[in-house]
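The next block holds one structure in the form of structure tokens; read it before the comments.
Throughout, read-outs are computed from the coordinates displayed, never taken from laboratory work. Since the structure is predicted, the reported quantities are computational estimates derived from the model, not experimental observations. Here the Cβ is made from the backbone with ideal geometry for all residues, glycine too, and neighbour counts use every protein chain on show.
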Amino acid sequence: MTAKHDLELVEVTKRYGTTVAVDAIQHRFQPSSYTCLLGPSGCGKSSTLRMIAGHESVTEGAILLSGRDISSLPPANRGTAMMFQNYALFPHLSVRDNVAFSLKMKGVDQKERHAKAGEMLELVDLTALSGRLPDQLSGGQQQRVALARALITRPEVLLLDEPLSALDPFLRIRMRSELKKLQKELGISFIHVTHGQDEALALADEIVVMNNAVIEQAGPARDVFNAPRTRFVAQFMGGHNVIALQSGHFAVRTDAVAITAPNMGKLDAQVMAVEYQGTHVSLMSRIAGDQEVTALVPEAQYFTTPHHPGDQIGLNWDAKDQHKLTA
Ligand code: ADP
Ligand code: MG
């Protein structure tokens with residue numbers, strides 16, 4: 001059975017000349033949920049989003065929405081809408097006319113356009129500013145206009161390409177919670193591209209981690225963070241040690257590593273550096289094979305038995321916290 005608003009990528013490939021930007025990716029997005037497409041610059045996130053939106057052609061494969069192949073439809077007929085990174089607002093149009101623009105293109109009369117734009121402006125809390133021009137707004141307000149403009153088409157899937165990157169850190173965190181709230185209120189799917197793992201963890205029900213044109217891992221945010229399957233995912237998500245022993249590679253969270261006396265833990269190590277971080281102390285150590293292992297210890301616990309660079313220690317963790325890496 002295909003659920004409503006069920007977006008699926010089937011072996012989707014994008015090539016620009018000889019560059020393979022997206023390599024046969026396969027994914028079914030959870031309906032009515034917040035998904036973050038996460039990965040480093042150049043890994044193929046924007047190409048994937050633009051193919052879903054219809055702003056870029058699919059080289060091979062299919063994009064299904066509610067079971068129907070939308071990959072050759074024009075953007076306006078897909079049931080998707082895109083919010084661009086630079087907002088792309090028309091500078092000479094008022095906030096209200098920017099929001100109503102797509103309805104004007106569809107030939108909707110002015111009265112209805114303004115009524116619908118009014119609803120959307122209320123949704124994003126901009127009713128009082130509907131007569132202003134874009135350059136009379138702050139960055140956060142411009143972003144809300146761009147959101148309202150995308151939502152007026154009543155999409156089943158809203159696509160957002162690095163929507164918070166132009167905002168200052170304070171506003172970024174505020175807009176982040178507004179986006180999440182809006183997604184829950186509307187009950188539609190949001191697909192949000194970001195290269196920031198903290199942003200993805202804060203927002204996403206599901207995280208899709210991309211690297212080198214493929215999906216490395218996808219799943220609920222906590223699963224991806226707690227149980228990375230590859231070295232890349234462990235390192236990109238952060239907060240993990242990647243350790244290679246003769247028995248294989250594994251990841252263990254820095255806050256799951258405890259410090260013991262030498263010979264009492266799973267590995268012996270020498271303390272290299274100690275960093276006080278307020279709530280925690282980060283202790284960097286070196287194990288055999290010149291590998292670094294970090295232990296993030298709650299500060300009160302650390303100061304009961306402090307350690308110093310040069311000390312010999314043991315490192316221990318629960319077997320359940322050790323995640324085998326496949327690559
Ligand atoms: P991301 O959004 O993850 O940074 P992109 O999807 O923008 O990645 O790019 C993926 C790869 O495709 C990169 O190597 C990039 O240089 C290349 N690429 C993107 N757009 C074009 C284009 N229009 N023409 C040629 N190459 C492109
Ligand atoms: Mg991009």
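Structure summary
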{"read-out": "Near pairs, Cβ below 8 angstrom, 6+ apart or cross-chain, from the range 105-131 (on the phi > 0 side of the Ramachandran plot) to any residue that is not hydrophobic (A, V, I, L, M, F, W, C)", "value": "ASP125/ARG144"}
{"read-out": "Any chance MET175 is over 9 Å from CYS36 (Cβ atoms) and more than 16 Å from ligand 1 (Cβ to nearest atom)", "value": "yes"}
{"read-out": "Subset tally (residues that are more than 16 Å from ligand 2 (Cβ to nearest atom), assigned to a loop (DSSP other than H, G, I, E, B) and not acidic (Asp, Glu)) for the range 1-52", "value": "12"}
{"read-out": "Total residues in the range 146-171, condition polar (S, T, N, Q) and within 13 Å of ligand 2 (Cβ to nearest atom)", "value": "1"}
{"read-out": "Of all residues making up the range 81-108, the number that are in contact with a Ser or Thr (Cβ under 6 Å, 6 or more places away or on another chain), of a type outside the set (A, V, I, L, M) and either over 26 Å from SER47 (Cα atoms) or outside any helix (DSSP H, G or I) (or both)", "value": "1"}
{"read-out": "From GLN270, GLN235, residue being surrounded by fewer than 20 Cβ atoms within 10 Å (Cβ to Cβ), away from ligand 2 (no atom under 16 Å from the Cβ) and assigned to a helix (DSSP H, G or I)", "value": "GLN235"}
